[in-house]
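Read the structure below first, then the notes.
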Amino acid sequence: MNSASKATSKAESESSHSPVVPPDTDLAALRQRLVGLAVKLVWLRDDAEDIVQEAFKLAWGKKVRPSEPRFGPWMYRTVGNLCLNLRRRRRQEPLADWMDPPDASSPEEQAHRTEQLDRLRSAIQRLPEQQRLALVLRTMERMNYQQIADVMQLSRSAVRAHVHLARRRLAEWLGERLPGARP
Amino acid sequence: MNRCEAIRRRLDDWLDDLLASAERSEVEAHVRDCADCRSVFERQAALARELHTLGRVADRMASGGQASSSVRSYGRFLVRAAVVFLVATIALSAWQLARSPVDQLVARGPDAPVVEERSIGRTVRPVGATSPARTFAVVPDRRRLAVQLESDNPRIHIVWFFDEIRSPETSNGDANDEVPATSI
């Protein structure tokens with residue numbers, strides 16, 4: 001059976017070019033999304049806010065205007081680069097205060113849950129920069145591969161390779177300690 | 001390339017929900033039958049769930065809101081609010097106690113009368129008052145009497161200045177005696 005000759009896969013629909021930032025997005029909403037991206041990369045809210053502010057200032061200085069199609073990818077790329085270049089001076093914010101509301105789990109289970117996520121966060125921070133950014137854009141920002149390619153100025157296949165390698169490394173490092181995974 | 005390798009090559013597309021339904025069924029059928037591939041897929045699926053959860057935590061942090069489970073943060077807020085309330089209450093009470101009601105209403109200055117506080121040993125009921133009032137101060141010319149009326153609101157001090165008072169000899173000492181009053 002030749003999968004490639006089957007009915008059009010969703011992968012082909014990924015090649016359609018939906019903009020990183022839709023034209024009618026207001027700047028406040030975009031700013032909040034960019035802060036979200038920055039937090040996912042540096043895990044310090046104050047630093048994330050500063051980075052996004054810096055990115056907007058750079059856009060102004062380089063005359064990259066919201067009306068231009070390149071604005072969205074440019075902003076995401078700039079925020080990503082500023083985050084990756086940031087020399088971490090402070091400990092990352094603890095996750096406990098931002099966790100989902102506990103269900104019927106005990107405090108010990110909730111603490112264990114927090115510890116698992118913290119371990120994942122640390123592992124992501126150890127990834128090579130391109131893999132880290134591609135993984136975050138794909139799995140947390142829910143961008144498609146074409147949008148990530150526009151942001152990172154790479155080919156779609158290069159982006160897929162980065163995401164694939166990032167996933168494989170994380171699975172190797174975290175292994176059986178992932179909840180629901182079996183040895 | 002063996003069958004398992006071909007299936008695992010589709011892993012990322014399967015995770016990203018990019019497979020057509022026929023392809024997806026094919027992959028899942030193999031994973032059900034192959035323990036090795038099942039282990040790989042389950043591990044990656046678990047990782048995908050964890051990444052999604054971590055992303056939600058980050059979004060919550062970015063928005064600056066607090067998770068409803070943030071007992072520590074809510075507890076800190078309650079403690080701070082209680083401290084502020086307690087300090088404010090103590091300060092207000094001390095301020096009220098430190099100030100004589102007369103001080104609040106008697107003008108100070110070069111021509112202000114020296115007020116002598118003392119009880120004259122009786123109560124009077126000013127015209128229109130609903131309850132007897134306690135006398136607490138007498139101005140030195142003894143013609144005017146400052147009387148504090150009962151008030152439900154401890155912050156409000158109602159002081160009536162009377163232009164004329166009866167001498168003790170002309171009254172029968174009745175606590176319900178009424179005197180003409182001039183309110184301020």
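For the range A:83-101, the count of residues that are modelled with pLDDT of 85 or more, in a helix (DSSP H, G or I) and either surrounded by 20 or more Cβ atoms within 10 Å (Cβ to Cβ) or within 9 Å of chain B (Cβ to nearest Cβ) (or both) is nonzero. If the condition is being part of a helix (DSSP H, G or I), of a type outside the set (Asp, Glu), more than 27 Å from A:ARG113 (Cα to Cα) and within 7 Å of another protein chain (Cβ to nearest Cβ), then the range B:13-66 contributes only B:ALA22.
Based on this model, can you work out whether A:ALA149 counts as within 11 Å of another protein chain (Cβ to nearest Cβ), within 29 Å of A:GLY72 (Cα to Cα) and modelled with pLDDT of 95 or more? So A:ALA149 does not fit the description; no.
Quick check on this structure: which one of A:ARG77, A:ARG31 is in a helix (DSSP H, G or I), surrounded by fewer than 20 Cβ atoms within 10 Å (Cβ to Cβ) and without any contact (Cβ under 8 Å) to a residue 60 or more places away in the chain?
Values: A:ARG77 fails: without any contact (Cβ under 8 Å) to a residue 60 or more places away in the chain.
From the options A:ARG77, A:ARG31, the qualifying one is A:ARG31.
Return yes when A:GLN116 is more than 17 Å from the chain's Cα centre (by Cα), at pLDDT below 95 and surrounded by fewer than 21 Cβ atoms within 10 Å (Cβ to Cβ) and no when it is not. Spell out how you get there, then give the answer.
Details: more than 17 Å from the chain's Cα centre (by Cα): yes; at pLDDT below 95: yes; surrounded by fewer than 21 Cβ atoms within 10 Å (Cβ to Cβ): yes.
Against the criterion (more than 17 Å from the chain's Cα centre (by Cα), at pLDDT below 95 and surrounded by fewer than 21 Cβ atoms within 10 Å (Cβ to Cβ)), A:GLN116 qualifies.
The values are calculated or read from the model by the stated rules, or taken from the named source; none is laboratory data. Please read these numbers as outputs of a predicted model, since none were measured by experiment. Cβ atoms come from the backbone with ideal geometry, glycine included; neighbour counts cover every protein chain shown.
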